[in-house]
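A.B. asks: Pasting in a structure now, in structure tokens, and then I'll have a few things to ask.
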Amino acid sequence: MKNKFRIDKIHTEIASESTIKKVLKFIKSSEIEPPYLLIDKNKVKQKVRSIGRRIRRSEVFYAVKANPDIEILKLINSIGIGFEIASEGELNILASLGVEKNRIITSNPIKSFKFLKMAADYGVSYYAIDSIDEIRKLRDFVPGCNVYIRLTVPNEGSEWPLSKKFAVEVDEAEELMVYAIKKGLNPVGITFHVGSQCTNMYNWDSALDKAKTLWDRAEKRGIKLSVLNIGGGYPIRYTKNVVDITTIDKNIDQLIQDKFPGKTRIFIEPGRAVVGDAGIFVSQVIGKAVRADENWLYIDVGIFNGLMESVGGIKYTYIVEGSKEVKKWTLAGPSCDSFDVIDKDIFLPDPKIGNKVLILSSGAYTISYASEFNGLSIPKTILI
Ligand SMILES: *Cc1c(COP(=O)(O)O)cnc(C)c1O
């Protein structure tokens, strides 16, 4: 008997029914060999429009690192929002699309010389800082530029914490603002990141409280701020349900209204939430084995060519072309490295070799992390 795609209610809750329909239609009509990543254009558009809609005076900048595919960037560019970048490579792609300089900001607190030179030439005028050395670098490369200080905020409950590598406490942030002025820069505001895939809504509460403390301290020292950059962190659904964007944004908006002056510009830098749940990987079963009583399932996408985040604990949901019978599996990628194991003890239908496995919510931090390790090529991205 021929196997078919086993679609449950949970699948249509994670990726919408219309996205799944489009994906199945594409697979049926296409000759392209897996693995490849399909991105639902409508879903991206819908996400771009919903993020920040409930936050007054907000401006959205897509964090390019989540997925820098040129067709995705063209689509997002056509909607007219801005971009957050961190490297010369990311700036190059935006330059090739003719994105205006005032629609680009950069929030990586530690930037390379090469990138700074290029960003200065291009006319990018907003930069994040969290150290004295970065202020000195900016003085040399982009004199007079606008800077916002990256503040440490709790990252608890975020699946991909970012707090240790960057950011400073309030006292130090205040001193950095004063130092920036001394070096001829223009401190305009504060930024933070609550951690990527932030499933704890209260992280934004604590972050905004802390930003408010710094904002008032700056004011006392005669530094008038005008920009509050709340970073990214919006969660998407992988397996478990998450708080929806509207609820998060209404909460943020209320907090901002209560704490910050009426004219404050709010920057938002979503990455994952823009493209993550618009993406579905189409992979193929390349092997099966029983080893020490464990069922192993090998597919052609793994840790090195797309599913890097499973190392950090992201658990994907799969639609399998298989038989009715469900088995417990260890799911592994195609490379020869024993590190290349995607998930353990997951219950999935039993496929045949050559059957397809669809990986839901895989549009962000997948292809952008992928390498050609072991000669396995990086999967193509296709917009549908
Ligand atoms: C990665 C990153 C983002 C995007 O974060 P998401 O969790 O993907 O929304 C935004 N701002 C900065 C500075 C980042 O480094």
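Please treat every number below as a calculation from the coordinates, not as lab data. All figures in this text were calculated on a predicted structure; none of them were measured in a lab. Cβ coordinates were reconstructed from backbone atoms using ideal geometry, including for glycine residues, and neighbour counts include every protein chain displayed.
A.B. asks: Using r as the Cβ-Cβ distance of Asp209 and Asp244, and R0 as 25 Å, what FRET efficiency do you calculate, to the nearest 0.05? Don't skip to the end; give the middle numbers.
C.D. replies: On the way: r = 23 Å, r/R0 = 0.92.
Result of the calculation: an efficiency of 0.65.
A.B. asks: On to the next question. Provide Tyr122, Tyr318, Tyr36 in ascending order of the number of other Cβ atoms located within 10 Å of each residue's Cβ, fewest first.
C.D. replies: Details: Tyr122 17, Tyr318 23, Tyr36 20.
So the residues, fewest neighbours to most, are Tyr122, Tyr36, Tyr318.
A.B. asks: Now for a separate question. Just to confirm my numbers, what's the Cα centroid distance between the stretch 95-118 and the stretch 173-246 in Å?
C.D. replies: That distance is 20 Å.
A.B. asks: Here's another thing I want to ask about it. For the modelled label position 7 Å from the Cα of Tyr179 along Cα-to-Cβ, which residues of the stretch 118-150 have backbone nitrogen atoms closer than 11 Å?
C.D. replies: 130-137
A.B. asks: So, one more: What residues from the stretch 1-22 fall in the zone where the backbone N is under 12 Å from a label point 7 Å along the Cα-to-C-beta line of Ser30?
C.D. replies: 22
A.B. asks: Bin width 5 Å, origin at 0, all Cα-Cα pairs of the stretch 52-269: what percent of pairs per bin?
C.D. replies: For the stretch 52-269, the pair-distance distribution reads 1, 7, 15, 19, 21, 18, 12, 5, 1, 0.
A.B. asks: Using a Förster distance of 56 Å, how high is the FRET efficiency between Ser338 and Arg53, based on the Cβ-Cβ distance and rounded to 0.05?
C.D. replies: Once rounded, the FRET efficiency stands at 0.75.
A.B. asks: Using the 10 angstrom Cβ neighbour count as an exposure proxy, how do Asp69, Asp133 rank, fewest first?
C.D. replies: Asp133, Asp69
A.B. asks: Based solely on its DSSP helices, what 222 nm [θ] is calculated for the chain when runs of n ≥ 4 H residues each add -39,500 (n - 2.57) and the sum is averaged over all residues, nearest 500 deg cm²/dmol?
C.D. replies: -9500 deg cm²/dmol
A.B. asks: Starting from the alpha-carbon convex hull of the chain, give the projected area averaged over all orientations, in nm². Walk me through the numbers on the way to the answer.
C.D. replies: Numbers: hull surface 77.3 nm².
The orientation-averaged projected area of the Cα hull of the chain comes to 19.3 nm².
A.B. asks: Counting other beta carbons within 10 Å of each residue's own, what order do Arg150, Arg136, Arg54 fall into, fewest first?
C.D. replies: Arg136, Arg54, Arg150
A.B. asks: Please give the length that would be gained between Ser377 and Ser96 if that part of the chain were fully extended, namely 0.36 nm times their separation in residues minus their C-alpha to C-alpha distance (nm, one decimal).
C.D. replies: Difference between extended and current length: 98.7 nm.
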